[in-house]
Amino acid sequence: MNFNSLLKKLMNKPGSKTIAKKRLQFALLTDKLEIKTDTLADLQRDLVDVISRYFEIDKQSMKIDIQRSEEHSALIFNTPIIAAHRRREIPAT
Amino acid sequence: MDGKVIVVTSGKGGVGKTTITASIGAALALQGKRVVVVDMDIGLRNLDVVMGLENRIVFNIVDIIKNRCKIKQAAIKDRRIDNLFLIPASQSDDKDAIKPENMVWLANKLRKEFDITLLDCPAGIEQGFRNSVVAADEALVVCTPEVSSVRDADRIIGLLYAQSISPKLIVNRIVPKMVENGDMLSHEDVVDVLSIDLIGLIEMDDRVVVSANTGMPLVLQEDSKAGKAMQRIAMRLDGHPDLPIENPMIQKGFWKKLGSKFSRKN
Ligand SMILES: Nc1ncnc2c1ncn2[C@@H]1O[C@H](COP(=O)(O)OP(=O)(O)OP(=O)(O)O)[C@@H](O)[C@H]1O
Ligand SMILES: [Mg+2]
């Protein structure tokens, strides 16, 4: 360790690699969230199937999207509920 | 028993694929394996000059595929290192002169003739990459400790997994002094981000440039640290998977060594 790096350590100044690593981790995360349009369409279809078992929903006005901000990413799923199905009765044993 | 086909790839260009293919190929041949290295960069060949075999080219890989010659006629034998052969790329053909099925066929032929086939993949994820990957049993991913290079490596690793290949990582062009100063990602950082197995660490070494200038194999140069690192990677590929990976470090004199004893925190 030379004098400069010792000084850096003593002053607790992180090197540029700390920034590099943070940027890298963020880039990899957003890269992976970049989903093919097909995948999103498949997910929408599956979600409609599942939700329709519990609620009557308007399939046309349903929207699915991925929202990215600097802090985090979120899967946004928005659908108006038309009616709730009646709870299925538990079969008697 | 059939030999194995290993692709050397990276995503980002200029990180050392060709240098590493040439050196590991030479090292494996010196360890007694029958080795062929194949330049997959159709239209932009490079491996021949790095190996110092450029003036011996008669036929190339496209000639083999188009049935204009036998594999034996196109494979150039290195006269300095026994059992080392090069199949050069074509300089005049289009990138799509070779189809994936052609490469599968060629790889099967090479498995019969050679213990190890190394494919020097072009940068990018296009035809040359796809051709190399369909033919490969194993993969080495090369990156440098830089954000763009590691990110591209991550993409490549994903694509390889999709082809059921679990690649191993080589971090090249490490500058120990910068790592120590905190101005270069350490290999721990890179491995942490990519979460993949490491197979070698190669430092920045002037000898690499000298070797490329002269066409003299790096592993034949006594004093090359990069050459030594390549030899150890070759051993890990060939029967010694657990050979420890050495961390490139700053050469220290007596006083510096003493100093670091006192200043080391962890
Ligand atoms: N460890 C090293 N130390 C010093 N120089 C190096 C090292 N590794 C590679 N180089 C240099 O970096 C340059 C790029 O290397 P190389 O051609 O092997 O990369 P590549 O990944 O094959 O590039 P391409 O993507 O264009 O095919 C060359 O000039 C080479 O000499
Ligand atoms: Mg190259």
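Just so it is clear, none of the values below were taken in a lab; they were calculated from the coordinates. All values reported here derive from a predicted model rather than from experimental measurement. No Cβ is skipped: glycine too gets one built from the backbone with ideal geometry, and neighbour counts run over all protein chains shown.
As a footprinting exposure proxy, order A:Met11, B:Met204 by other Cβ within 10 Å, with the fewest listed first.
Working: A:Met11 7, B:Met204 18.
Listed from fewest to most nearby Cβ atoms, that is A:Met11, B:Met204.
Could you order the peptides A:26-33, B:96-103 from most to least packed, using the average number of other C-beta atoms within 10 Å per residue? Before the final figure, lay out the partial values.
Working: A:26-33: 13.2, B:96-103: 16.8.
Going by the mean number of other Cβ atoms within 10 Å, highest first, we get B:96-103, A:26-33.
Roughly how far apart, in whole Å, are the Cα centres of segment B:20-65 and segment B:126-204?
So the two Cα centres are separated by 22 Å.
Just to confirm a number: summing +1 for Lys and Arg and -1 for Asp and Glu over residues other than B:Thr18 whose beta-carbon lies under 9 angstrom from that of B:Thr18, what do you get? Don't skip to the end; give the middle numbers.
On the way: positive: B:Lys17; negative: B:Asp39, B:Asp41, B:Asp120.
Spelling it out: positives minus negatives among the neighbours equals -2.
So for the protein assembly as shown: antiparallel DSSP bridges make up what percent, rounded to the nearest 5? Don't jump to the answer; show the numbers that get you there.
On the way: 11 of 37 bridges.
Counting only bridges with both partners in the protein assembly as shown, antiparallel ones make up about 30 percent.
Expressed in whole Å with the largest first, what are the equivalent ellipsoid semi-axes of the protein assembly as shown derived from the C-alpha gyration tensor as the square root of 5 times each eigenvalue?
Working: eigenvalues 385, 219, 57 Å².
Each semi-axis is the square root of five times an eigenvalue, giving 44, 33, 17 Å.
Where does each of B:57-65, B:206-214, B:225-233, A:46-54 land if you order them by average Cβ count within 10 Å, highest first? Could the numbers behind the result be given before it?
Values: B:57-65: 19.9, B:206-214: 15.3, B:225-233: 22.7, A:46-54: 11.7.
The most tightly packed comes first, giving B:225-233, B:57-65, B:206-214, A:46-54.
Of the beta bridges DSSP finds with both residues in chain B, what % are antiparallel, to the nearest 5?
Numbers: 2 of 28 bridges.
Of those bridges, close to 5 percent are antiparallel.
Nearest 10 degrees is fine. How inclined is helix B:100-113 to the longest principal axis of chain B, computing both from alpha carbons?
So the helix axis and the longest Cα principal axis differ by about 80 degrees.
Quick check on chain B: helices-only [θ] at 222 nm, where DSSP H runs of length 4 and up contribute -39,500 (n - 2.57) each and the sum goes over total residues. Nearest 500, please.
Numbers: 12 runs with 111 residues, N = 266.
Result for chain B, helices only: -12000 deg cm²/dmol.
In the structure shown, do any of A:Lys17/B:Lys225; B:Lys4/B:Lys33; A:Lys17/B:Lys177; B:Lys72/B:Lys95 have a Cα-Cα gap over 20 Å, and if so which?
Result: A:Lys17/B:Lys225; B:Lys72/B:Lys95 exceed 20 Å.
What does the average come to when, for each residue of peptide A:14-25, you count the partner chain Cβ atoms lying within 10 Å of its Cβ? Before the final figure, lay out the partial values.
Values: counts 2, 8, 6, 11, 4, 1, 10, 8, 1, 2, 13, 3.
Counting Cβ atoms of other protein chains within 10 Å of each residue's Cβ and averaging gives 6.
On full extension of the chain, what length is gained from B:Asp137 through B:His240, given 0.36 nm per residue of separation minus the C-alpha to C-alpha distance? Let's see the in-between values first.
Details: separation 103, 0.36 × 103 = 37.08 nm, distance 1.82 nm.
Gain on stretching B:Asp137 to B:His240: 35.3 nm.
Rounding to the nearest 20 debye, state how big the charge dipole of chain B is about its Cα centre with +1 on each Lys and Arg Cβ and -1 on each Asp and Glu Cβ. If you can, show how the numbers build up before the last one.
Working: 36 positive and 35 negative charges, 113 e Å.
So the dipole magnitude of chain B works out to roughly 540 debye.
Once you list every other residue whose beta carbon is under 11 Å from the beta carbon of B:Ala234, what net charge do they have if Lys and Arg are +1 and Asp and Glu are -1? Working shown, then result.
Values: positive: B:Lys33, B:Lys228, B:Arg232, B:Arg236; negative: B:Asp238.
The answer is +3.
Summing +1 for each Lys or Arg and -1 for each Asp or Glu, what net charge is found among the other residues whose Cβ lies under 13 Å from the Cβ of A:Ile82? Can you show the working numbers first?
Values: positive: A:Lys59; negative: A:Glu56, A:Asp58.
Local charge sum for A:Ile82: -1.
In whole angstrom, and with the biggest value first, how far do the Cα coordinates of segment B:4-265 range along each principal axis?
67, 39, 32
Which whole-percent values make up P(r) of segment B:101-205 when all C-alpha to C-alpha distances are grouped in 10 Å steps starting at zero?
Histogramming segment B:101-205 at 10 Å steps yields 14, 43, 28, 13, 2 percent.
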